Amino acid sequence: MQELKIYEHKVQYYETDQMAIVHHSNYIRWFEEARNFALEAAGFGYKKMEDCGIIIPVLDISAKYKTMTHFGDTVCIQMKIDVYNGTRLKILYHNFDKETKEVRCTGKSSHCFLNKEGNLVSLKCSYPEIHQVFENMKA
C-alpha cells in the first residue's frame, strides 16, 4: 500500500464570508484539490488520465462541517480510498487544522471512470497501468 500524501491549503481571503469564516462550498473544492494532488503524487494526475482518454466524473459528494475555518488558517486534507473495483471509486476526506489538529470537515465522494464518449470503462481490463495506481492507493 502506498502512503497518500497529505494536501495542505492556506485559506485565502476570497474563500471567506463577511465574518472571515470559510464559505462551505470551498471544502468541496479542496477535496478536488486533494484528489488531484494525490493522483499527481502517485504518478497519474487528471491531465495524464485525460491524455489517455479517461475522465473521472463525480457521482456523489458530501461534507460534514465540524468546526469553523478562518482566513489565514492552513488546513490539511487527508484522503483515503475507501472502495475501488476498477470501474468505481469512493474516497473519504479528513480535513483538519494544521496547527491545532482540530477536525474542520469530513467528507466522501463517489466516482466512476468513463471514456471520452461517456461510456463506462474498467481500468482493470482496459488500462492495467492506471488500475495498478489505484490498487496501490487503496488502504
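A few comments on the model shown:
- Residue pairs meeting the criteria (Cβ under 6 Å; at least 6 apart or on separate chains; first closer than 17 Å to residue 89 by Cβ, in the range 26-39; second open to solvent by 10 Å² or more (accessible area, probe 1.4 Å) and in a helix (DSSP H, G or I)): 36/46
- Which numbered condition residue 97 misses (of (1) under 24 Å from residue 42 (Cβ atoms); (2) open to solvent by less than 30 Å² (accessible area, probe 1.4 Å)): (1)
- Contact annotation: residue pairs with Cβ atoms under 8 Å, 6 or more positions apart or on different chains, pairing a residue in the range 78-101 that is polar (S, T, N, Q) with a partner that is exposed (fewer than 15 other Cβ atoms within 10 Å of the Cβ) and in a strand (DSSP E or B), are 87/112; 87/120; 95/103.
- Residue count for the range 72-94 satisfying the condition of being of a type outside the set (S, T, N, Q) and open to solvent by 40 Å² or more (accessible area, probe 1.4 Å): 7.
- Just one of the listed residues (10, 5, 48, 66) is closer than 21 Å to residue 123 by Cβ and basic (Lys, Arg), namely 48.
- Of all residues in the range 103-135 being charged (D, E, K, R) and open to solvent by 80 Å² or more (accessible area, probe 1.4 Å), the one that is nearest to residue 54 (Cα to Cα): 116
- The range 13-71, subset open to solvent by 70 Å² or more (accessible area, probe 1.4 Å) and part of a loop (DSSP other than H, G, I, E, B), residue farthest from residue 104 (Cα to Cα): 18
- Being part of a strand (DSSP E or B), within 14 Å of residue 131 (Cα to Cα) and either more than 14 Å from the chain's Cα centre (by Cα) or β-branched (Val, Ile, Thr) (or both) is a property that residue 83 has.
The values are calculated or read from the model by the stated rules, or taken from the named source; none is laboratory data. Bear in mind that the values here come from a model prediction, so they are computed numbers and not experimental data. Reconstructed Cβ throughout: ideal geometry from the backbone, glycine too, with neighbour counts over all protein chains shown. The protein model used for the area step is the full one, side chains on, heavy atoms only, and it has no ligands, DNA or RNA in it. Shrake-Rupley method; radii C 1.70, N 1.55, O 1.52, S 1.80 Å.
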